[in-house]
Structures are given as C-alpha cells and as structure tokens.
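For reference, the structure discussed in these notes is given below.
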Amino acid sequence: MKVYDAEDKILGRLASQVASELLDGEEIRVVNADKIFIVGNKKNILEDYEKKRARGKQINAPIFPRRPERIFKRTVRGMLPRKKARGRKAFKRLRAYIGIPSELDGAEIIEPDVKGSEGKLGITLGDVSKHLGAKF
C-alpha cells in the first residue's frame with residue numbers, strides 16, 4: 001500500500017500517476033486531498049466546476065461531488081476504464097482523505113513523482129469545494 005501526500009500537487013498530473021499505478025495493481029491512499037492545486041484562472045476554474053455541479057440533479061444523474069476527496073476520486077475515475085472489470089477493481093483500491101486520518105498516522109507517506117504548483121496561478125481543491133457548498 002502506498003500513501004501519497006497530495007499537498008501542492010497539480011490535480012491532473014497526480015490523478016494520472018495514481019490511475020496508472022492503480023491499473024498496475026497497487027493499493028493507494030491519498031492524504032491532504034483538500035490541498036491539491038488546480039492550475040489556471042481562478043474565475044474560469046470556479047465557473048467550470050459550477051457547470052459540472054449544475055449539470056446533474058437529484059433525480060437525474062450525473063451528480064458531481066462537492067467534497068475535495070470525492071472530486072479527486074472522480075477525476076481519477078475518468079482516467080480508468082471504469083466500465084470494465086479491470087477498471088472497477090482498480091478504482092476500489094483507491095482511498096482519498098482530507099488531512100491525515102488517524103489510521104495512517106504511522107504509515108510512511110511518499111511524495112508523488114509529479115511536479116508541484118510552485119509559482120503557478122490557480123486554486124486549491126478545498127477552495128473549490130467550499131465555493132460549491134461543501135462543509136468539511
């Protein structure tokens with residue numbers, strides 16, 4: 001089992017690395033999902049996520065998540081062949097958390113092999129979630 005610290009990592013790059021490792025059979029835990037960084041214009045990012053959220057209603061799907069760990073999982077799900085058995089099994093091996101849970105306190109936390117958000121403009125996944133109305 002690998003435990004990744006996602007603080008200040010770029011969403012798409014981290015999600016693609018996690019997806020490829022899940023398909024290789026790894027069991028992955030991602031901590032600090034609320035501190036994942038989305039690069040781009042803050043206004044455009046918030047508008048895009050509002051559109052995704054407004055697209056689905058309670059009675060007719062797709063329902064887009066509000067919470068940061070679920071948004072991350074949804075991003076990884078889009079990179080997996082989720083309609084095939086291999087992709088479904090891979091997706092079940094992923095867990096994402098806000099902060100560091102008590103069950104992973106003693107675990108060795110690995111820095112993922114992706115570029116961080118140093119010097120880039122954007123917004124964190126936690127801020128996007130709060131804008132969408134998440135309470136965490």
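Scanning segment 93-121 for residues that are in contact with an Asp or Glu (Cβ under 9 Å, 6 or more places away or on another chain), at negative phi, assigned to a loop (DSSP other than H, G, I, E, B) and not charged (D, E, K, R) returns Y97, I98, I100, P112, S117. Restricting segment 79-134 to residues that are among the acidic types (D, E) and without any contact (Cβ under 8 Å) to a residue 60 or more places away in the chain leaves a set whose member that is surrounded by the most Cβ atoms within 10 Å (Cβ to Cβ) is D127.
From the list R53, R77, the lone residue that is modelled with pLDDT under 95 and either farther than 21 Å from F136 by Cα or not polar (S, T, N, Q) (or both) is R53. Taken as a whole, the condition of being free of Cβ contacts under 8 Å to residues at least 24 places away in the same chain and either on the phi < 0 side of the Ramachandran plot or not hydroxyl-bearing (S, T, Y) (or both) does not apply to R29.
Let's see how each residue does on (1) crowded, with 17+ Cβ neighbours inside 10 Å; (2) in a loop (DSSP other than H, G, I, E, B); (3) not charged (D, E, K, R):
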{"position": "Q17", "(1), (2), (3)": "yes, no, yes"}
{"position": "E21", "(1), (2), (3)": "yes, no, no"}
{"position": "G25", "(1), (2), (3)": "no, yes, yes"}
{"position": "N44", "(1), (2), (3)": "no, no, yes"}
{"position": "I63", "(1), (2), (3)": "no, yes, yes"}
{"position": "K73", "(1), (2), (3)": "yes, no, no"}
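The values are calculated or read from the model by the stated rules, or taken from the named source; none is laboratory data. Please read these numbers as outputs of a predicted model, since none were measured by experiment. For neighbour counting, all protein chains shown are included, and Cβ atoms are generated from backbone atoms with ideal geometry for every residue, glycine included.
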